[in-house]
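Here's the structure, in structure tokens; my notes come after.
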Amino acid sequence: MKRNLTLWIVLGIILILVFVGCGSYNGLVGQDESVKNTWNKVQSDYQRRADLIPNLVNTVKGEANFERGTLNDVISARSRATSTQISPENLTPENIQKFQQAQSQLSGSLSRLLVTVEQYPTLRANDAFRGLQAQLEGTENRIKVSRNDFNDAVQTYNTKVRRFPTNIFAGIMGFGPRAGFAADPGSERAPNVNFDEQRQPAVNFDTTRR
């Protein structure tokens, strides 16, 4: 009798562990998929920015005296940024850092380009350039939102991975902490567009921290 009772207790404990383990696993899978989904949106928004650059460069090339070095820097930075793509399955801290560095370099070169444009009134008055400038501003805003959404998803996931008793099952099932974007001047900053009566709009990347 006592033996049977012990057996039922052991079976009951095993069943509880199985149910808790299944719940933890399903919850971790859901959070992991959320991180991957938001990461895909981040890459999509950065690609949207990269797709605007060829038209921007071609429009600026129309100004005969425009600094070629500035354009070459943008083209080179775009090439590095578009070649640095990270799959959702490889979101390691090292890969996130590489991706962020490449995008930051492109942000910096774009910022220098837009500052240089201020010296060319004909470019600032060009409708095609102004349209691309507006699209770039909107894309930068989208990038900032998607980065923040990704960081929020990573934080929610990491909190779940570290909570007891989920942390026990997370280690067994291979769910480790994820890395998010660190604060970095450039890639997550949306341009500020300022208007006054005497001049065309100027775009400058905000260098303040979030």
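The values are calculated or read from the model by the stated rules, or taken from the named source; none is laboratory data. In this text, all values refer to a predicted model and were calculated from it rather than measured experimentally. Quick reminder, even Gly has a Cβ in these numbers, built from the backbone with ideal geometry, and neighbours come from all protein chains shown.
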Out of the residues in the range 75-95 that are surrounded by fewer than 21 Cβ atoms within 10 Å (Cβ to Cβ) and of a type in the set (A, V, I, L, M, F, W, C), which is farthest from VAL29 (Cα to Cα)?
-> ILE75
For the range 63-88, enumerate the residues that are outside any loop (DSSP other than H, G, I, E, B), free of Cβ contacts under 8 Å to residues at least 24 places away in the same chain and within 30 Å of GLY174 (Cβ to Cβ).
-> SER83
Taking the stated definitions as given, is ARG209 in contact with a helix residue (DSSP H, G or I) (Cβ under 6 Å, 6 or more places away or on another chain), farther than 30 Å from THR59 by Cβ and either at pLDDT 60 or above or exposed (fewer than 12 other Cβ atoms within 10 Å of the Cβ) (or both)?
-> no
Looking only at the range 46-56, and only at residues there that are surrounded by fewer than 18 Cβ atoms within 10 Å (Cβ to Cβ) and in contact with a Lys or Arg (Cβ under 9 Å, 6 or more places away or on another chain), the one that is farthest from GLY138 (Cα to Cα) = PRO54
Would you pick out the residues in the range 102-131 that are polar (S, T, N, Q), crowded, with 16+ Cβ neighbours inside 10 Å and in a helix (DSSP H, G or I)?
-> GLN103, SER104, GLN105, SER107, SER109, SER111, THR116
